[in-house]
Amino acid sequence: MYPILPLVGLTFFLACCYMIYRHFTHISVAGVPGPEPSSWLLGNMPELAGGQVGEAEFKWQEIYGGVVRIKAPLGEDRLLITDPKALQYIYQTAGYRYHKQSERIELTRLISGRGLLWADGNDHKRHRKVMIPGFGIPEAKALLPLFFSYAAQIGTKWKDIIGTTADQAAVLDITGWASRATLDAIGELAFDYQFGAMENADNVVSQSWNNVFTDTFRAPSDASLLALSLLQYVPRCVREFLVDNVPCAGLEHVRHTAQVTTEVARELVASKSAALLQGKCNRDIMSLLVQANASENEKTKLTEDELLSQMHTIIMAGHETTANSFSWAVFELARQPEIQSRLRREIHSMERVVRARGGSSFEFTTADIQAMPYLTAVVKEVLRFHPVAFNNFRQSATDDVLPLSKPITLRSGEVITELPVPKGMKVIISIAAYNRNKEVFGLDADVFNPERWLDGSMRKPDSPIGPYANLLTFAGGLRTCIGWRMALLELQAFLVELLSDFEFSLTPEATRVRREACIVMVPTVEGQKGTQLPLRVSLASRE
């Protein structure tokens, strides 16, 4: 047995001493308005982490505005931020002066290893420099046919299933199918590797990633919330040991996934390194990474561990996020049939244009995708309303001053237009709540309405942040999602291909769908296990 209880007790004691010291020696944000905590021991964390994605943040933003003081365990003050000007400062102006929180780094390392998502500061710059050749605009555009081909594979499977039913319709798990297709797609484009998920092949990587987030991070207990907070008070080597080795049934799945993915990554890197020595190099992302890393000097190249970890990072970012974004898109279309019908008409109209163009094959181009304004509006609204990565966590490296879009009235009655924050101040950036900020996206920001992107109501932002439509869904600044263009094209391709042929409608189970917070936001059904989105799927009629 590990001596866990004495270690936890010592950590708890040191944490209390540190909190008392900070209370009397640092810049205070205690005057910033915010909700009362449920307890000193846990603060507001059970409410923040316990409900569906955004429930607490939406309420607090409505009551207190764009900067909210909340309590972490042991009475620690933290800031929940959705103010556009403050976010622009954190992401773009301050850059690496707002680094990752130490305890959150361990969660990231557990999921994706020491890859791009884990790296910070100069390490992050080094990772991006090596990885960027695989994620440019030409590389993204070249992948559009591949995205369409995997969406078409889903369509073929669905038609086979629907064809065996009496009413020519079937209840299908949208997320399950999308997850398998996007995993196969990321396997081919990123690694030149066949996961075989669409064919139910007995692939250990595919099996290990199945439901890993719901199994590990769904509905965290009070004890796990407290333990996560206490991790910040122990040295890094101790944190890593605890996360990697402490017996915990909830962590076994994600540890197994990490081990399996690393083993496959090691084989891939070895084969691609050998091919490079022979003068051969494919155009998949892993081959480009190996090639780029080989050309760097020893001080700027990735270590073996970091290079292997990029496979974890790419699978998580390119598979889980896109599959869930597509699921939420189809869910909204099933809830609002008039939007679904209008989008399908636009797709069918563009199909006729593509066919009339002639040529040896029927193939959409990126120009065709961009020429569908309602598709663009729907995609923007899906990414706004259902951001799969819904929170970000940062910590100030120095004493600082946050600029504000709107003044804050402190508890004392003082009105301020900028907010001093101390070194070490932990901020929670609510992507979900910012994307529903009524000052940015209109008074109906809490309603799914693609029309907002077409009717001229979306004015030019005063404090632009993200790389796409001023959304925070792909983060911003130095931390902008490196593969956001690929993710966008894949989502568009899946919608065009599948909405053209199929009609989606709600099932009784779909009325009980939850926006589950599991590091990423996944659809689950109330009272049931695992990620799922059961919808009725039938063949769509054509004009």
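The values are calculated or read from the model by the stated rules, or taken from the named source; none is laboratory data. As the structure is a computational prediction, the values presented were derived from the model and not from experiment. Here the Cβ positions follow ideal geometry from the backbone for every residue, glycine too, while neighbour counts run over all protein chains shown. Note: areas computed on protein heavy atoms with side chains; ligands, DNA, RNA excluded. Shrake-Rupley method; radii C 1.70, N 1.55, O 1.52, S 1.80 Å.
How far, in degrees from 0 to 90, does helix 321-335 lean away from the longest principal axis of the Cα atoms of the chain, to the nearest 10? Result, in degrees: 70. Taking Lys and Arg as +1 and Asp and Glu as -1, the other residues whose beta-carbon sits under 11 Å from that of Thr93 total +1.
Compute the helix-to-body angle for 249-277: its Cα long axis versus the longest principal axis of the chain, expressed 0 to 90° and rounded to tens. Approximately 60 degrees, to the nearest ten. Using only side-chain charges placed at the Cβ, +1 for Lys and Arg and -1 for Asp and Glu, the dipole size of the chain relative to its Cα centre rounds to 1060 debye. Looking at the chain, the DSSP beta bridges with both ends there are about 90 percent antiparallel.
Across the alpha-carbon set of region 32-188, the Rg to Rh ratio works out to 1.09, Rh being the Kirkwood radius. A simple spin-label model places pseudo-atoms 7 Å from Cα toward Cβ; at Thr366 and Thr398 they are separated by 3.8 nm. With a cut-off of 12 Å between beta carbons, the residues surrounding Thr300 carry a summed charge of +2, where Lys and Arg count +1 and Asp and Glu -1.
Local charge sum around Ile369 (other residues, Cβ-Cβ under 15 Å, Lys/Arg +1, Asp/Glu -1)? Please list the in-between numbers first.
Values: positive: Lys141, Arg357, Lys380, Arg485; negative: Glu346, Glu351, Glu363, Asp368, Glu490, Glu497.
Residues close to Ile369 contribute a combined charge of -2.
Summary of the geometry: region 322-350 and region 239-298, compared by the centres of their Cα atoms, lie 36 Å apart. Once the Cα atoms are used to define both axes, helix 121-131 deviates from the longest principal axis of the chain by about 10 degrees.
Given +1 on the Cβ of Lys and Arg, -1 on the Cβ of Asp and Glu, and no further charges, what dipole in debye does region 308-352 carry about its Cα centre, rounded to the nearest 20?
Computed about the Cα centre, the dipole is about 180 debye.
Volume per residue for region 468-515 equals 112 cubic angstrom (convex hull of Cα atoms).
In the chain, carbon and sulfur make up what percent of the accessible area (probe 1.4 Å)?
Details: 12820 of 23040 Å².
Within the chain, the accessible surface is 56 percent carbon and sulfur.
Inter-part distance, region 84-142 to region 431-509, computed on C-alpha centroids, equals 21 Å. Take each peptide in 109-115, 398-404, 62-68, 78-84, count the other Cβ atoms within 10 Å of every residue, and average; sorted highest first, the result is 78-84, 109-115, 62-68, 398-404.
For region 342-433, divide the Cα radius of gyration by the Kirkwood radius and give the resulting Rg/Rh value with two decimals. Don't jump to the answer; show the numbers that get you there.
Values: Rg = 23.4 Å, Rh = 17.9 Å.
With Rh from the inverse mean 1/r over Cα pairs, Rg/Rh is 1.31.
Only one of the values (1) 30.9, 94; (2) 32.4, 112; (3) 23.7, 74 was calculated from this structure for Rg and Dmax of the Cα atoms in Å; name its label. Structure-derived value, by its label: (3). Using a probe of 1.4 angstrom and keeping all protein chains present, the accessible surface of the chain works out to 42 square angstrom per residue.
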